[in-house]
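The values are calculated or read from the model by the stated rules, or taken from the named source; none is laboratory data. Small disclaimer: the values here were computed from a predicted structure and weren't measured. So basically every Cβ, Gly included, is an ideal-geometry build from the backbone, and we count neighbours across all protein chains shown. When the accessible area is computed, the model is the full protein with side chains, heavy atoms only, and any ligands, DNA or RNA have been set aside. Shrake-Rupley method; radii C 1.70, N 1.55, O 1.52, S 1.80 Å.
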Amino acid sequence: MVEINLDHVYKKYSGNEEYSVSNFDLHVKDGEFIVFVGPSGCGKSTTLRMIAGLEDISKGDFKMGDKVMNEVAPKDRNIAMVFQNYALYPHMSVFDNMAFGLNIRKNNKEDTKKRVEEAAKILGLSEYLQRKPAALSGGQRQRVALGRAIVRDAELFLLDEPLSNLDAKLRVQMRTEIAQLHQRLGRNFIYVTHDQVEAMTMADRIVIMNAGRIQQVGTPAELYNAP
Ligand code: ADP
Ligand code: ADP
């Protein structure tokens, strides 16, 4: 299990006066399910994108184990990301969408097939592997996006409001599925939401952000049941 360290991380976008993220300091270990929660614009996505390598870190270090990752290209980070809008390729089958991350890394075809089929089984997608995303329900599409992350066997999973496009009933069901997936994989998850209920039901630890800063960190019980 690799430890994740965000060491006094700052982000200022070029052209902006203000820092979007300031002094973000967090240590993640033991396969924790971490949830970042806070209002729109508080810096949740920016922090996630710095971890994924999609944005440069202005100041501070992001480490996986002892390795400083700041300059490592996104494709060379052992990190899988799931977005709000699924980001599936419409012209590709479910199988090819799930295999995409392995194919660009020139993974062995047999191994790719095996991993995609295993992930499809876990996610209940075995019968849909030859379909195009347009022929799936919202929940199924979100499962494909999760499948694409699972097959990578990443050390860290980043999920940016993955359920916000789903209806309320499906959202509750998918929360449970994601929590079970986390248990099963035993990896560190960082999950971004603006929904406090989602944070409370899913998190081992919650990071409450406001105006680019960490306001509080703690277990759901510590943060919401305090006297
Ligand atoms: P979200 O729904 O995740 O909060 P936003 O609508 O805030 O997403 O942002 C969508 C995209 O626009 C992101 O890629 C983000 O980096 C970019 N973005 C957000 N705010 C700004 C801004 N002030 N200037 C330029 N790009 C921005
Ligand atoms: P959240 O995910 O919590 O909604 P973001 O990380 O998207 O917040 O945004 C944090 C701040 O950074 C906001 O003030 C937003 O306008 C700004 N921001 C985000 N992306 C960009 C960008 N690409 N360029 C300039 N400013 C941005």
Condition check for Glu71: more than 30 Å from Asp195 (Cβ to Cβ), more than 16 Å from ligand 1 (Cβ to nearest atom), assigned to a helix (DSSP H, G or I) and open to solvent by 20 Å² or more (accessible area, probe 1.4 Å): no
The range 49-87: number of residues that are of a type in the set (Asp, Glu), in contact with a helix residue (DSSP H, G or I) (Cβ under 7 Å, 6 or more places away or on another chain) and closer than 19 Å to Met1 by Cβ: 0
Some residue of the range 125-146 being at positive phi, in contact with a helix residue (DSSP H, G or I) (Cβ under 9 Å, 6 or more places away or on another chain), without any contact (Cβ under 8 Å) to a residue 60 or more places away in the chain and not aliphatic (A, V, I, L, M): no
Selection count where residues are hydroxyl-bearing (Ser, Thr, Tyr) and open to solvent by 30 Å² or more (accessible area, probe 1.4 Å), scope the range 87-100: 1
Selection count where residues are within 20 Å of Ala149 (Cα to Cα), open to solvent by 10 Å² or more (accessible area, probe 1.4 Å) and touching a helix residue (DSSP H, G or I) at 6+ places or on another chain (Cβ under 6 Å), scope the range 187-202: 1
Output for the range 40-67, where each listed residue is in contact with a strand residue (DSSP E or B) (Cβ under 7 Å, 6 or more places away or on another chain) and part of a loop (DSSP other than H, G, I, E, B): Cys42, Gly43, Glu55, Ile57, Ser58
Selected residue (criterion: nearest to Phe157 (Cα to Cα)) from residues of the range 1-13 that are of a type in the set (A, V, I, L, M, F, W, C) and buried (at least 19 other Cβ atoms within 10 Å of the Cβ): Ile4
Only one of Gln130, Gln84 that is of a type outside the set (Val, Ile, Thr) and touching an Asp or Glu at 6+ places or on another chain (Cβ under 7 Å): Gln84
For Gly53: the one exception among (1) modelled with pLDDT under 90; (2) crowded, with 17+ Cβ neighbours inside 10 Å: (1)
Hey, Val82 surrounded by 11 or more Cβ atoms within 10 Å (Cβ to Cβ) and modelled with pLDDT of 95 or more or not: no
Residue count for the range 37-56, restricted to those that are within 10 Å of ligand 1 (Cβ to nearest atom) and either aliphatic (A, V, I, L, M) or farther than 13 Å from Met209 by Cβ (or both): 4
Elements of type strands (runs of 3 or more DSSP E) in the range 111-227, at least 1 residues being within 17 Å of the chain's Cα centre (by Cα) and within 16 Å of ligand 2 (Cβ to nearest atom): 156-160, 188-193, 205-210
Residues (in contact with a strand residue (DSSP E or B) (Cβ under 6 Å, 6 or more places away or on another chain) and either open to solvent by 50 Å² or more (accessible area, probe 1.4 Å) or among the small types (Gly, Ala, Ser) (or both)) located in the range 145-186: Ala145, Ala149, Ala154
Pick from the range 14-36, criterion away from ligand 1 (no atom under 13 Å from the Cβ) and aliphatic (A, V, I, L, M), ranking: surrounded by the fewest Cβ atoms within 10 Å (Cβ to Cβ): Leu26
Hits in the range 116-133 - residues which are surrounded by fewer than 20 Cβ atoms within 10 Å (Cβ to Cβ) and more than 21 Å from Leu163 (Cβ to Cβ): Glu117, Glu118, Lys121, Ser126, Glu127, Leu129, Gln130, Arg131, Lys132
